[in-house]
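Here's the structure we're looking at; comments come further down.
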Amino acid sequence: MLTIGYIGNGKSTNRYHLPFSLNRESLHIKTIYARDLSKEDWARIPSIHYTDQLSELLNDQEIQAVVVCTHLNSHFEFTKLALDHGKHVLVEKPFMQTKEEAEYIFKYAKDRNLHVQCYQNRRYDSDFLTTKKVIESGVLGDILEIEMHYDYYRPDTPLSVKSFSSTNSFLYGHGVHTIDQVISMLGIPQAVHYDVRQLLGPGRMNDYFDLDLYYDSPLKVSIKSSFFRIKSRPRFSVYGKKGMFVKETEDRQEEHLKLFYVPKDHPDFGLDLPQHYGTLTYIDKQGVYHEEKVVSEKGDYARVYDDFYNVIVDREEGIIKSFETLGVMDLLETGIKGCSE
């Protein structure tokens with residue numbers, strides 16, 4: 001059993017963490033800390049102790065690990081504080097504000113024989129897992145190009161922000177997901193071309209990005225997203241020498257979470273229906289043309305917690321590597337420098 005405490009009691013904790021950590025018998029969620037418990041937008045869970053005294057959580061010897069679910073600008077502070085109190089730490093994405101902060105934290109944890117990792121839950125999206133499985137099957141032959149889109153139509157978000165912030169940006173908040181997916185599958189790219197824009201003009205929020213990641217020739221991965229896409233582009237398009245795979249729709253876990261349709265109570269949580277399946281088109285070894293639907297893999301954000309548990313309790317090697325997180329931070333930090341303050 002791994003006993004956990006949370007720092008932060010907002011949307012991140014209640015929508016993207018607790019539905020999954022509470023769905024694992026190997027985890028005991030003991031305490032949640034929030035600065036102001038009078039400003040609660042989420043119903044309290046009876047089995048969990050809530051406190052506005054951070055020292056109560058940090059000094060609790062039963063709590064072995066802390067999950068940091070606060071605003072990015074406090075990730076470094078709270079992570080270091082938890083490590084100072086001998087706790088392992090799981091940190092919401094983006095991991096830190098800069099690569100320098102991330103390098104410091106990883107070394108700080110290692111020096112204390114503690115484990116710290118980023119909550120990269122989108123590695124366990126069904127659309128990504130399905131696309132990865134198709135690529136690894138070899139049916140497409142040598143891969144030439146991968147296109148990944150993570151589109152929204154939320155113009156009110158950038159319109160409501162009147163000043164530029166590197167960390168309160170579309171690249172940091174959303175690009176972090178797709179960049180990590182690519183790095184987890186293909187490693188650190190050899191070169192990157194950045195097109196990171198402010199569609200509303202200089203000094204406004206970053207609301208668009210288009211990154212080309214180059215690997216061994218001829219493979220290129222394009223990651224694109226915008227707040228102004230009224231109709232989303234395909235989530236994944238993969239082109240190989242022998243065929244292609246297109247996954248139009250995205251993983252449904254977030255869709256269900258927003259409806260409070262949680263995995264503990266619903267066996268069909270996050271599952272794709274046939275209309276969501278991707279289309280695989282290829283020429284087989286006999287030269288025969290095929291076009292078929294691919295049943296989606298099951299996504300499960302709780303697998304991040306499984307990995308966290310396995311590293312701490314079972315002393316296994318972690319799936320989410322520190323060098324991968326540093327690679328993500330490097331791309332985020334470099335990409336956002338192209339914007340105008």
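Can you list residue pairs whose Cβ atoms sit under 7 Å apart, with the first residue in segment 31-45 being in a loop (DSSP other than H, G, I, E, B) and the second being of a type in the set (S, T, N, Q)? Count only pairs 6 or more apart in sequence or on different chains.
A34/N9; E40/N9; W42/N9; W42/N14
I'm trying to understand the selection: among the residues of segment 272-293, which are surrounded by 17 or more Cβ atoms within 10 Å (Cβ to Cβ) and either small (G, A, S) or closer than 15 Å to S126 by Cβ (or both)? Spell out how you get there, then give the answer.
Let us first name the residues in segment 272-293 that are surrounded by 17 or more Cβ atoms within 10 Å (Cβ to Cβ), namely 272, 276-278, 280, 282.
Across segment 272-293, the qualifying residues are D272, H276, Y277, G278.
Exactly one condition in (1) assigned to a loop (DSSP other than H, G, I, E, B); (2) crowded, with 16+ Cβ neighbours inside 10 Å; (3) in contact (Cβ under 8 Å) with a residue 60 or more places away in the chain is not met by P202; state its number.
Checking P202 against (1) assigned to a loop (DSSP other than H, G, I, E, B); (2) crowded, with 16+ Cβ neighbours inside 10 Å; (3) in contact (Cβ under 8 Å) with a residue 60 or more places away in the chain, the one that fails is (2).
Can you list residue pairs whose Cβ atoms sit under 7 Å apart, with the first residue in segment 185-196 being in a loop (DSSP other than H, G, I, E, B) and the second being open to solvent by 50 Å² or more (accessible area, probe 1.4 Å) and not aliphatic (A, V, I, L, M)? Count only pairs 6 or more apart in sequence or on different chains.
P189/Y214; Q190/Y214
Can you give me the number of residues within segment 173-218 that are of a type in the set (G, A, S) and closer than 23 Å to D142 by Cβ? If you could, list the steps in order and put the result at the bottom.
Looking only at segment 173-218, we keep the residues that are of a type in the set (G, A, S), and these are 173, 175, 184, 187, 191, 201, 203, 217.
Cutting the leftovers down to closer than 23 Å to D142 by Cβ gives us 184, 187, 191, 217.
Within segment 173-218, residues that are of a type in the set (G, A, S) and closer than 23 Å to D142 by Cβ number 4.
Evaluate the following for Q190: is it of a type in the set (S, T, N, Q) and surrounded by 16 or more Cβ atoms within 10 Å (Cβ to Cβ)? Don't jump to the end; show me each part of the working.
Numbers: of a type in the set (S, T, N, Q): yes; surrounded by 16 or more Cβ atoms within 10 Å (Cβ to Cβ): no.
The answer is no for Q190.
How many of the residues making up segment 288-339 are β-branched (V, I, T), in contact with a helix residue (DSSP H, G or I) (Cβ under 8 Å, 6 or more places away or on another chain) and assigned to a helix (DSSP H, G or I)?
4
Mind checking which residues of segment 1-47 are polar (S, T, N, Q) and either closer than 24 Å to G86 by Cβ or surrounded by 18 or more Cβ atoms within 10 Å (Cβ to Cβ) (or both)? Lay out the reasoning, then the answer.
If we filter segment 1-47 for residues that are polar (S, T, N, Q), which is where we start, we get 3, 9, 12-14, 21, 23, 26, 31, 38, 47.
Hits for segment 1-47 are T3, N9, S12, T13, N14, S21, S26, T31.
The values are calculated or read from the model by the stated rules, or taken from the named source; none is laboratory data. Since the model is a prediction, treat every value here as computed from it, not as a measurement. A quick note on method: Cβ atoms are made from the backbone with ideal geometry, for glycine too, and the neighbour counts reach across all protein chains shown. Surface areas here come from the heavy atoms of the whole protein model, side chains and all, with no ligands, DNA or RNA. Shrake-Rupley method; radii C 1.70, N 1.55, O 1.52, S 1.80 Å.
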